[in-house]
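Contents: one structure, followed by commentary.
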Ligand code: NAD
(Lines give C-alpha, C1' and ligand atoms only; values in the text may rest on other atoms or scores of the structure.)
Protein backbone atom coordinates (compact mmCIF):
# COMPACT_ATOMS: atom_id res chain seq x y z
CA UNK A 1 0.00 0.00 0.00
CA UNK A 2 1.39 3.44 -0.91
CA UNK A 3 1.98 5.90 1.92
CA UNK A 4 -0.79 8.16 0.63
CA UNK A 5 -3.24 5.24 0.61
CA UNK A 6 -2.37 4.69 4.30
CA UNK A 7 -3.09 8.37 4.96
CA UNK A 8 -6.45 8.10 3.20
CA UNK A 9 -7.26 5.05 5.32
CA UNK A 10 -6.46 7.02 8.48
CA UNK A 11 -8.61 9.96 7.33
CA UNK A 12 -11.48 7.62 6.46
CA UNK A 13 -11.37 5.89 9.86
CA UNK A 14 -11.49 9.15 11.82
CA UNK A 15 -14.15 10.57 9.49
CA UNK A 16 -16.39 7.55 10.06
CA UNK A 17 -16.04 7.85 13.85
CA UNK A 18 -16.91 11.56 13.81
CA UNK A 19 -19.58 11.08 11.11
CA UNK A 20 -17.92 13.62 8.83
CA UNK A 21 -19.76 14.76 5.75
CA UNK A 22 -18.60 12.85 2.61
CA UNK A 23 -17.81 16.14 0.82
CA UNK A 24 -15.38 17.05 3.62
CA UNK A 25 -13.75 13.63 3.30
CA UNK A 26 -13.25 14.30 -0.42
CA UNK A 27 -11.67 17.68 0.26
CA UNK A 28 -9.23 16.20 2.77
CA UNK A 29 -8.44 13.27 0.48
CA UNK A 30 -7.35 15.42 -2.48
CA UNK A 31 -4.41 17.83 -2.29
CA UNK A 32 -5.23 21.34 -3.60
CA UNK A 33 -2.22 21.49 -5.91
CA UNK A 34 0.46 19.08 -7.14
CA UNK A 35 3.53 20.40 -8.90
CA UNK A 36 6.15 18.22 -10.59
CA UNK A 37 9.36 19.78 -11.88
CA UNK A 38 12.38 18.56 -13.83
CA UNK A 39 15.44 20.24 -12.36
CA UNK A 40 18.41 20.50 -14.76
CA UNK A 41 21.79 20.62 -13.00
CA UNK A 42 25.24 21.10 -14.55
CA UNK A 43 27.40 18.53 -12.74
CA UNK A 44 31.03 19.14 -11.80
CA UNK A 45 32.22 16.89 -14.66
CA UNK A 46 30.40 19.06 -17.22
CA UNK A 47 27.48 16.69 -17.87
CA UNK A 48 23.83 17.69 -17.43
CA UNK A 49 21.61 15.73 -15.06
CA UNK A 50 17.86 16.09 -14.62
CA UNK A 51 16.41 15.57 -11.13
CA UNK A 52 12.70 15.03 -10.61
CA UNK A 53 11.19 17.25 -7.91
CA UNK A 54 7.77 17.82 -6.35
CA UNK A 55 5.83 20.30 -4.29
CA UNK A 56 2.41 19.26 -3.02
CA UNK A 57 0.06 21.77 -1.40
CA UNK A 58 -2.51 19.77 0.51
CA UNK A 59 -4.72 22.48 1.99
CA UNK A 60 -4.55 26.07 3.16
CA UNK A 61 -7.87 26.47 4.95
CA UNK A 62 -6.14 27.25 8.25
CA UNK A 63 -3.26 29.33 6.81
CA UNK A 64 -0.38 29.27 4.30
CA UNK A 65 0.83 25.83 3.16
CA UNK A 66 3.71 24.70 5.38
CA UNK A 67 6.07 21.76 5.15
CA UNK A 68 9.58 20.53 4.57
CA UNK A 69 11.58 19.58 1.52
CA UNK A 70 13.08 16.09 1.47
CA UNK A 71 16.13 15.04 -0.56
CA UNK A 72 16.17 11.25 -0.84
CA UNK A 73 16.59 8.61 -3.53
CA UNK A 74 13.29 7.00 -2.50
CA UNK A 75 11.14 10.15 -2.65
CA UNK A 76 8.04 9.68 -4.79
CA UNK A 77 4.86 11.61 -5.42
CA UNK A 78 2.69 9.35 -3.23
CA UNK A 79 5.06 9.88 -0.31
CA UNK A 80 5.05 13.67 -0.78
CA UNK A 81 1.24 13.67 -0.97
CA UNK A 82 1.02 11.72 2.29
CA UNK A 83 3.52 13.96 4.04
CA UNK A 84 1.68 17.09 2.87
CA UNK A 85 -1.67 15.79 4.18
CA UNK A 86 -0.08 14.94 7.53
CA UNK A 87 1.27 18.51 7.67
CA UNK A 88 -2.27 19.96 7.34
CA UNK A 89 -3.47 17.65 10.10
CA UNK A 90 -0.40 18.31 12.27
CA UNK A 91 -0.71 22.09 12.17
CA UNK A 92 -4.39 21.82 12.97
CA UNK A 93 -4.00 19.39 15.88
CA UNK A 94 -1.78 21.90 17.68
CA UNK A 95 -3.99 24.81 16.56
CA UNK A 96 -1.41 26.87 14.66
CA UNK A 97 -2.73 28.92 11.72
CA UNK A 98 -0.98 27.03 8.93
CA UNK A 99 -1.97 24.57 6.23
CA UNK A 100 -0.03 21.62 4.89
CA UNK A 101 2.48 21.19 2.10
CA UNK A 102 5.57 19.14 1.36
CA UNK A 103 8.31 18.98 -1.25
CA UNK A 104 10.96 16.58 -2.34
CA UNK A 105 13.59 15.77 -4.92
CA UNK A 106 14.55 12.26 -6.00
CA UNK A 107 18.26 12.42 -5.24
CA UNK A 108 20.86 10.87 -2.97
CA UNK A 109 22.45 14.12 -1.76
CA UNK A 110 25.46 12.20 -0.41
CA UNK A 111 26.47 11.53 -4.05
CA UNK A 112 26.51 15.26 -4.93
CA UNK A 113 29.29 17.74 -4.33
CA UNK A 114 28.46 20.87 -2.33
CA UNK A 115 28.38 22.91 -5.54
CA UNK A 116 26.03 20.44 -7.29
CA UNK A 117 23.73 20.42 -4.25
CA UNK A 118 23.59 24.23 -4.22
CA UNK A 119 22.91 24.47 -7.98
CA UNK A 120 20.15 21.85 -7.71
CA UNK A 121 18.56 23.66 -4.74
CA UNK A 122 18.67 27.05 -6.45
CA UNK A 123 17.15 25.68 -9.70
CA UNK A 124 14.39 23.87 -7.77
CA UNK A 125 13.68 27.15 -5.91
CA UNK A 126 13.40 29.01 -9.23
CA UNK A 127 10.93 26.40 -10.49
CA UNK A 128 8.66 26.54 -7.43
CA UNK A 129 9.13 30.29 -6.79
CA UNK A 130 5.73 31.25 -8.29
CA UNK A 131 3.89 29.21 -5.66
CA UNK A 132 5.98 29.83 -2.51
CA UNK A 133 6.13 32.93 -0.28
CA UNK A 134 5.56 33.84 3.41
CA UNK A 135 1.79 34.15 2.95
CA UNK A 136 1.46 31.37 0.36
CA UNK A 137 3.64 28.33 0.99
CA UNK A 138 6.62 28.14 3.35
CA UNK A 139 9.13 25.27 2.94
CA UNK A 140 11.43 23.99 5.72
CA UNK A 141 14.08 21.31 6.23
CA UNK A 142 13.18 17.62 6.24
CA UNK A 143 15.24 14.45 5.79
CA UNK A 144 18.66 15.35 4.26
CA UNK A 145 17.96 19.09 4.04
CA UNK A 146 19.14 21.62 6.60
CA UNK A 147 19.62 25.28 7.53
CA UNK A 148 22.27 25.84 4.88
CA UNK A 149 19.93 24.59 2.14
CA UNK A 150 17.14 26.83 3.51
CA UNK A 151 19.54 29.81 3.36
CA UNK A 152 20.21 29.03 -0.35
CA UNK A 153 16.46 28.89 -1.02
CA UNK A 154 15.88 32.23 0.76
CA UNK A 155 18.78 33.81 -1.15
CA UNK A 156 17.58 32.53 -4.55
CA UNK A 157 14.01 33.66 -3.80
CA UNK A 158 15.31 37.14 -2.82
CA UNK A 159 17.09 37.40 -6.19
CA UNK A 160 13.90 36.42 -8.04
CA UNK A 161 11.52 38.82 -6.25
CA UNK A 162 14.08 41.60 -5.86
CA UNK A 163 13.94 41.90 -2.06
CA UNK A 164 14.95 40.02 1.08
CA UNK A 165 12.06 37.81 2.25
CA UNK A 166 13.41 35.74 5.17
CA UNK A 167 9.93 34.37 5.95
CA UNK A 168 9.86 32.40 2.67
CA UNK A 169 11.42 29.42 4.49
CA UNK A 170 11.90 28.35 8.10
CA UNK A 171 14.65 26.31 9.73
CA UNK A 172 17.19 28.94 8.66
CA UNK A 173 20.53 29.45 10.42
CA UNK A 174 20.28 32.04 13.24
CA UNK A 175 22.41 34.55 11.27
CA UNK A 176 19.82 34.76 8.47
CA UNK A 177 16.61 34.92 10.47
CA UNK A 178 16.42 31.51 12.15
CA UNK A 179 15.09 30.92 15.65
CA UNK A 180 16.70 29.61 18.84
CA UNK A 181 15.37 26.16 19.76
CA UNK A 182 14.35 24.95 16.28
CA UNK A 183 17.12 22.32 16.42
CA UNK A 184 15.60 20.70 19.52
CA UNK A 185 11.92 21.53 18.84
CA UNK A 186 10.70 18.22 17.41
CA UNK A 187 12.23 16.14 20.20
CA UNK A 188 11.20 18.67 22.85
CA UNK A 189 7.58 18.72 21.64
CA UNK A 190 7.44 14.92 21.71
CA UNK A 191 9.02 14.90 25.15
CA UNK A 192 6.36 17.30 26.55
CA UNK A 193 3.61 15.05 25.16
CA UNK A 194 5.24 11.91 26.57
CA UNK A 195 5.64 13.52 30.00
CA UNK A 196 1.93 14.37 30.03
CA UNK A 197 0.94 10.81 29.13
CA UNK A 198 3.38 9.33 31.66
CA UNK A 199 1.82 11.46 34.42
CA UNK A 200 -1.67 10.39 33.38
CA UNK A 201 -0.64 6.72 33.47
CA UNK A 202 1.24 7.07 36.77
CA UNK A 203 4.54 5.98 35.14
CA UNK A 204 7.83 7.18 36.64
CA UNK A 205 10.80 8.14 34.44
CA UNK A 206 13.32 6.38 36.69
CA UNK A 207 11.46 3.10 36.23
CA UNK A 208 10.95 3.60 32.48
CA UNK A 209 13.15 1.90 29.89
CA UNK A 210 13.34 3.62 26.51
CA UNK A 211 14.53 2.43 23.09
CA UNK A 212 15.18 4.96 20.32
CA UNK A 213 15.11 4.03 16.63
CA UNK A 214 16.91 6.62 14.49
CA UNK A 215 19.65 8.55 16.23
CA UNK A 216 19.42 11.72 14.15
CA UNK A 217 18.10 15.19 14.85
CA UNK A 218 14.79 14.09 16.34
CA UNK A 219 15.82 10.77 17.98
CA UNK A 220 19.26 11.78 19.26
CA UNK A 221 17.96 14.89 20.98
CA UNK A 222 14.94 13.02 22.37
CA UNK A 223 17.31 10.46 23.95
CA UNK A 224 19.36 13.24 25.50
CA UNK A 225 16.28 14.98 26.94
CA UNK A 226 15.01 11.71 28.36
CA UNK A 227 18.30 10.80 30.02
CA UNK A 228 18.43 14.30 31.53
CA UNK A 229 14.90 13.77 32.88
CA UNK A 230 15.92 10.50 34.55
CA UNK A 231 14.62 7.93 32.02
CA UNK A 232 16.70 4.81 31.43
CA UNK A 233 17.45 4.93 27.69
CA UNK A 234 18.60 1.36 27.07
CA UNK A 235 18.79 1.10 23.27
CA UNK A 236 19.47 3.19 20.19
CA UNK A 237 19.97 2.58 16.49
CA UNK A 238 20.81 4.27 13.24
CA UNK A 239 20.67 3.05 9.63
CA UNK A 240 23.57 0.63 10.22
CA UNK A 241 22.19 -1.09 13.34
CA UNK A 242 21.92 -0.52 17.06
CA UNK A 243 23.05 -1.23 20.60
CA UNK A 244 21.26 -2.38 23.74
CA UNK A 245 22.66 -1.61 27.16
CA UNK A 246 20.61 -2.65 30.15
CA UNK A 247 22.18 -0.03 32.40
CA UNK A 248 21.56 2.81 29.99
CA UNK A 249 23.36 4.44 27.09
CA UNK A 250 25.06 7.85 26.95
CA UNK A 251 23.44 9.97 24.20
CA UNK A 252 26.25 12.56 24.23
CA UNK A 253 28.77 9.83 23.55
CA UNK A 254 26.75 8.48 20.63
CA UNK A 255 26.28 11.96 19.18
CA UNK A 256 30.03 12.56 19.38
CA UNK A 257 30.69 9.28 17.59
CA UNK A 258 28.10 10.05 14.91
CA UNK A 259 29.67 13.44 14.28
CA UNK A 260 32.91 11.60 13.66
CA UNK A 261 30.94 9.63 11.02
CA UNK A 262 30.76 6.44 13.06
CA UNK A 263 27.60 4.45 13.54
CA UNK A 264 25.75 3.68 16.75
CA UNK A 265 26.90 0.06 16.35
CA UNK A 266 30.55 1.11 16.63
CA UNK A 267 29.78 1.99 20.21
CA UNK A 268 29.11 -1.59 21.31
CA UNK A 269 32.53 -2.39 22.81
CA UNK A 270 33.04 1.24 23.86
CA UNK A 271 29.79 1.21 25.84
CA UNK A 272 30.80 -1.96 27.64
CA UNK A 273 34.06 -0.28 28.63
CA UNK A 274 32.22 2.81 29.82
CA UNK A 275 29.90 0.81 32.00
CA UNK A 276 32.64 -1.46 33.30
CA UNK A 277 30.18 -4.35 33.18
CA UNK A 278 30.50 -7.71 31.57
CA UNK A 279 29.55 -8.28 27.93
CA UNK A 280 26.05 -9.53 28.67
CA UNK A 281 25.00 -6.03 29.82
CA UNK A 282 25.65 -4.45 26.46
CA UNK A 283 25.36 -5.92 23.01
CA UNK A 284 24.67 -5.07 19.39
CA UNK A 285 21.19 -5.41 17.91
CA UNK A 286 19.95 -5.32 14.33
CA UNK A 287 17.46 -2.68 13.17
CA UNK A 288 14.67 -5.24 13.41
CA UNK A 289 15.70 -6.37 16.91
CA UNK A 290 15.83 -2.80 18.21
CA UNK A 291 12.08 -2.45 17.69
CA UNK A 292 11.42 -5.59 19.70
CA UNK A 293 13.74 -5.04 22.71
CA UNK A 294 12.44 -5.11 26.26
CA UNK A 295 11.41 -1.50 26.97
CA UNK A 296 8.46 0.61 28.16
CA UNK A 297 8.70 3.41 25.60
CA UNK A 298 9.75 2.94 21.99
CA UNK A 299 10.67 6.16 20.19
CA UNK A 300 10.41 5.90 16.39
CA UNK A 301 12.57 8.60 14.82
CA UNK A 302 13.79 7.17 11.50
CA UNK A 303 11.55 6.50 8.53
CA UNK A 304 8.09 5.37 7.45
CA UNK A 305 6.59 1.89 7.79
CA UNK A 306 8.80 0.52 10.57
CA UNK A 307 6.05 -1.24 12.51
CA UNK A 308 3.86 -3.27 10.19
CA UNK A 309 1.61 -6.33 10.49
CA UNK A 310 4.83 -8.40 10.40
CA UNK A 311 6.30 -7.18 13.69
CA UNK A 312 3.44 -5.40 15.54
CA UNK A 313 2.76 -8.39 17.77
CA UNK A 314 6.43 -8.52 18.83
CA UNK A 315 6.63 -4.95 20.15
CA UNK A 316 7.13 -5.03 23.92
CA UNK A 317 6.80 -1.28 24.63
CA UNK A 318 3.67 0.04 26.35
CA UNK A 319 4.00 3.42 24.61
CA UNK A 320 5.20 4.09 21.05
CA UNK A 321 6.20 7.72 20.45
CA UNK A 322 6.16 8.57 16.72
CA UNK A 323 8.71 11.32 16.14
CA UNK A 324 9.07 10.11 12.54
CA UNK A 325 6.25 10.60 10.04
CA UNK A 326 4.22 7.50 9.25
CA UNK A 327 6.36 4.88 11.05
CA UNK A 328 3.36 2.65 11.89
CA UNK A 329 1.20 1.12 9.16
CA UNK A 330 -2.62 1.14 9.54
CA UNK A 331 -2.58 -2.69 9.91
CA UNK A 332 0.01 -2.47 12.69
CA UNK A 333 -2.06 0.24 14.38
CA UNK A 334 -4.93 -2.20 14.71
CA UNK A 335 -2.73 -4.95 16.18
CA UNK A 336 -1.11 -2.55 18.67
CA UNK A 337 -4.50 -1.15 19.71
CA UNK A 338 -5.82 -4.66 20.36
CA UNK A 339 -2.76 -5.34 22.52
CA UNK A 340 -3.32 -2.12 24.52
CA UNK A 341 -0.15 -0.39 23.27
CA UNK A 342 -0.56 3.42 23.22
CA UNK A 343 0.69 4.87 19.93
CA UNK A 344 1.31 8.61 20.29
CA UNK A 345 0.66 9.58 16.68
CA UNK A 346 3.14 11.47 14.52
CA UNK A 347 0.79 14.39 13.84
CA UNK A 348 0.86 15.18 17.57
CA UNK A 349 4.19 13.70 18.72
CA UNK A 350 6.38 15.49 16.17
CA UNK A 351 4.36 18.72 15.85
CA UNK A 352 6.93 20.59 17.96
CA UNK A 353 9.03 21.15 14.85
CA UNK A 354 6.40 22.96 12.84
CA UNK A 355 5.21 24.83 15.94
CA UNK A 356 8.63 26.41 16.41
CA UNK A 357 8.79 27.02 12.65
CA UNK A 358 5.59 29.00 13.11
CA UNK A 359 7.33 30.99 15.88
CA UNK A 360 10.15 31.64 13.39
CA UNK A 361 7.59 33.02 10.90
CA UNK A 362 6.20 35.30 13.65
CA UNK A 363 9.73 36.48 14.48
CA UNK A 364 10.49 37.21 10.83
CA UNK A 365 7.24 39.16 10.40
CA UNK A 366 7.66 41.20 13.61
CA UNK A 367 11.42 41.70 13.67
CA UNK A 368 11.44 40.47 17.31
CA UNK A 369 13.32 37.46 18.59
CA UNK A 370 12.95 35.10 21.54
CA UNK A 371 15.46 33.27 23.68
CA UNK A 372 15.67 29.47 23.70
CA UNK A 373 13.95 29.38 27.10
CA UNK A 374 11.10 31.57 25.85
CA UNK A 375 10.69 29.36 22.77
CA UNK A 376 10.61 26.15 24.85
CA UNK A 377 8.08 27.69 27.27
CA UNK A 378 5.79 28.74 24.42
CA UNK A 379 6.19 25.31 22.84
CA UNK A 380 5.12 23.57 26.06
CA UNK A 381 2.10 25.91 26.30
CA UNK A 382 0.98 24.57 22.92
CA UNK A 383 1.95 20.89 23.16
CA UNK A 384 0.50 20.01 26.56
CA UNK A 385 -3.05 21.42 26.02
CA UNK A 386 -3.08 19.86 22.52
CA UNK A 387 -2.26 16.48 24.06
CA UNK A 388 -5.00 16.93 26.66
CA UNK A 389 -7.54 17.80 23.98
CA UNK A 390 -6.63 14.66 22.04
CA UNK A 391 -7.01 12.60 25.25
CA UNK A 392 -10.49 14.09 25.77
CA UNK A 393 -11.49 13.02 22.26
CA UNK A 394 -10.01 9.57 22.89
CA UNK A 395 -12.44 9.17 25.78
CA UNK A 396 -15.34 10.82 23.97
CA UNK A 397 -15.07 8.60 20.89
CA UNK A 398 -13.61 5.57 22.68
CA UNK A 399 -10.87 5.35 20.06
CA UNK A 400 -7.10 5.22 19.62
CA UNK A 401 -4.92 8.25 20.16
CA UNK A 402 -4.29 8.50 16.40
CA UNK A 403 -8.01 8.49 15.63
CA UNK A 404 -8.57 11.10 18.36
CA UNK A 405 -5.76 13.29 17.00
CA UNK A 406 -7.25 13.07 13.49
CA UNK A 407 -10.73 13.91 14.85
CA UNK A 408 -9.37 16.93 16.80
CA UNK A 409 -7.57 18.17 13.73
CA UNK A 410 -10.24 17.46 11.12
CA UNK A 411 -12.96 19.19 13.19
CA UNK A 412 -10.91 22.40 13.23
CA UNK A 413 -10.27 22.26 9.47
CA UNK A 414 -13.96 21.52 8.86
CA UNK A 415 -14.95 24.62 10.87
CA UNK A 416 -12.57 26.80 8.82
CA UNK A 417 -13.93 25.46 5.55
CA UNK A 418 -17.51 26.13 6.67
CA UNK A 419 -16.69 29.64 7.99
CA UNK A 420 -14.90 30.58 4.79
CA UNK A 421 -17.74 29.19 2.72
CA UNK A 422 -15.28 27.50 0.40
CA UNK A 423 -17.73 24.78 -0.66
P1 LIG B 1 17.90 12.60 10.47
O2 LIG B 1 18.35 12.31 9.10
O3 LIG B 1 18.61 13.61 11.30
O4 LIG B 1 17.87 11.23 11.35
C5 LIG B 1 17.36 10.03 10.91
C6 LIG B 1 18.14 8.91 11.60
O7 LIG B 1 17.51 7.67 11.31
C8 LIG B 1 19.59 8.77 11.12
O9 LIG B 1 20.43 8.63 12.25
C10 LIG B 1 19.59 7.47 10.30
O11 LIG B 1 20.84 6.80 10.35
C12 LIG B 1 18.51 6.70 11.04
N13 LIG B 1 17.91 5.59 10.30
C14 LIG B 1 17.57 5.50 8.98
N15 LIG B 1 17.05 4.28 8.72
C16 LIG B 1 17.04 3.58 9.88
C17 LIG B 1 16.64 2.28 10.28
N18 LIG B 1 16.10 1.42 9.40
N19 LIG B 1 16.78 1.91 11.57
C20 LIG B 1 17.31 2.76 12.47
N21 LIG B 1 17.71 4.00 12.16
C22 LIG B 1 17.60 4.41 10.90
O23 LIG B 1 16.35 12.95 10.33
P24 LIG B 1 15.41 13.66 11.41
O25 LIG B 1 15.30 15.10 11.06
O26 LIG B 1 15.78 13.26 12.78
O27 LIG B 1 14.00 13.01 10.99
C28 LIG B 1 13.66 11.70 11.38
C29 LIG B 1 12.17 11.52 11.17
O30 LIG B 1 11.47 12.51 11.93
C31 LIG B 1 11.67 11.68 9.72
O32 LIG B 1 10.58 10.82 9.52
C33 LIG B 1 11.20 13.12 9.68
O34 LIG B 1 10.22 13.35 8.67
C35 LIG B 1 10.59 13.22 11.08
N36 LIG B 1 10.46 14.59 11.53
C37 LIG B 1 11.58 15.35 11.76
C38 LIG B 1 11.40 16.65 12.17
C39 LIG B 1 12.59 17.51 12.46
O40 LIG B 1 12.39 18.66 12.88
N41 LIG B 1 13.80 17.03 12.33
C42 LIG B 1 10.12 17.20 12.34
C43 LIG B 1 9.00 16.38 12.12
C44 LIG B 1 9.19 15.07 11.71
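Kindly indicate which of 324, 317, 302 is in a loop (DSSP other than H, G, I, E, B) and away from the ligand (no atom under 15 Å from the Cβ).
317
Considering only the stretch 341-355, state which residues are within 13 Å of the ligand (Cβ to nearest atom) and part of a loop (DSSP other than H, G, I, E, B).
345, 350, 351
Within the stretch 327-340, how many residues are more than 13 Å from the ligand (Cβ to nearest atom) and in contact with a strand residue (DSSP E or B) (Cβ under 6 Å, 6 or more places away or on another chain)?
Counting residues in the stretch 327-340 that are more than 13 Å from the ligand (Cβ to nearest atom) and in contact with a strand residue (DSSP E or B) (Cβ under 6 Å, 6 or more places away or on another chain) gives 2.
Within the stretch 356-375, is there a residue that is more than 12 Å from residue 95 (Cβ to Cβ), surrounded by fewer than 17 Cβ atoms within 10 Å (Cβ to Cβ) and within 16 Å of the ligand (Cβ to nearest atom)?
Within the stretch 356-375, one or more residues are more than 12 Å from residue 95 (Cβ to Cβ), surrounded by fewer than 17 Cβ atoms within 10 Å (Cβ to Cβ) and within 16 Å of the ligand (Cβ to nearest atom).
Let's see how each residue does on (1) free of Cβ contacts under 8 Å to residues at least 60 places away in the same chain; (2) closer than 20 Å to residue 118 by Cβ:
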| residue | (1), (2) |
| --- | --- |
| 36 | yes, no |
| 42 | no, yes |
| 48 | yes, yes |
| 72 | no, yes |
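What single numbered condition from (1) assigned to a helix (DSSP H, G or I); (2) more than 13 Å from the ligand (Cβ to nearest atom); (3) buried (at least 20 other Cβ atoms within 10 Å of the Cβ) fails to hold for residue 185?
So residue 185 meets the others, but not (2).
Checking the structure you have, find out if any residue of the stretch 82-105 is buried (at least 23 other Cβ atoms within 10 Å of the Cβ), more than 17 Å from residue 40 (Cα to Cα) and out of contact with any strand residue (DSSP E or B) (no Cβ under 9 Å at 6 or more places or on another chain).
Within the stretch 82-105, one or more residues are buried (at least 23 other Cβ atoms within 10 Å of the Cβ), more than 17 Å from residue 40 (Cα to Cα) and out of contact with any strand residue (DSSP E or B) (no Cβ under 9 Å at 6 or more places or on another chain).
Restricting to the stretch 340-353, name every residue that is surrounded by fewer than 24 Cβ atoms within 10 Å (Cβ to Cβ) and either farther than 18 Å from residue 317 by Cβ or touching a helix residue (DSSP H, G or I) at 6+ places or on another chain (Cβ under 7 Å) (or both).
342
Considering only the stretch 224-254, state which residues are farther than 22 Å from residue 205 by Cα and either surrounded by 15 or more Cβ atoms within 10 Å (Cβ to Cβ) or not assigned by TED's automatic domain parsing to the domain that holds residue 281 (or both).
Answer for the stretch 224-254, where residues must be farther than 22 Å from residue 205 by Cα and either surrounded by 15 or more Cβ atoms within 10 Å (Cβ to Cβ) or not assigned by TED's automatic domain parsing to the domain that holds residue 281 (or both): 238, 241, 242.
Given the conditions (1) in contact (Cβ under 8 Å) with a residue 60 or more places away in the chain; (2) out of contact with any helix residue (DSSP H, G or I) (no Cβ under 9 Å at 6 or more places or on another chain), report the number of the one that residue 189 does not fulfil.
(2)
Restricting attention to the stretch 143-176, which residues are in a loop (DSSP other than H, G, I, E, B), surrounded by fewer than 23 Cβ atoms within 10 Å (Cβ to Cβ) and in contact (Cβ under 8 Å) with a residue 40 or more places away in the chain?
Of everything in the stretch 143-176, those that are in a loop (DSSP other than H, G, I, E, B), surrounded by fewer than 23 Cβ atoms within 10 Å (Cβ to Cβ) and in contact (Cβ under 8 Å) with a residue 40 or more places away in the chain turn out to be 143, 144.
Just checking, which of 309, 292 is touching a helix residue (DSSP H, G or I) at 6+ places or on another chain (Cβ under 6 Å) and surrounded by fewer than 15 Cβ atoms within 10 Å (Cβ to Cβ)?
That would be 309, the only listed residue that is touching a helix residue (DSSP H, G or I) at 6+ places or on another chain (Cβ under 6 Å) and surrounded by fewer than 15 Cβ atoms within 10 Å (Cβ to Cβ).
The values are calculated or read from the model by the stated rules, or taken from the named source; none is laboratory data. Quick caveat: nothing in here was measured; it's all calculated off a predicted structure. A quick note on method: Cβ atoms are made from the backbone with ideal geometry, for glycine too, and the neighbour counts reach across all protein chains shown.
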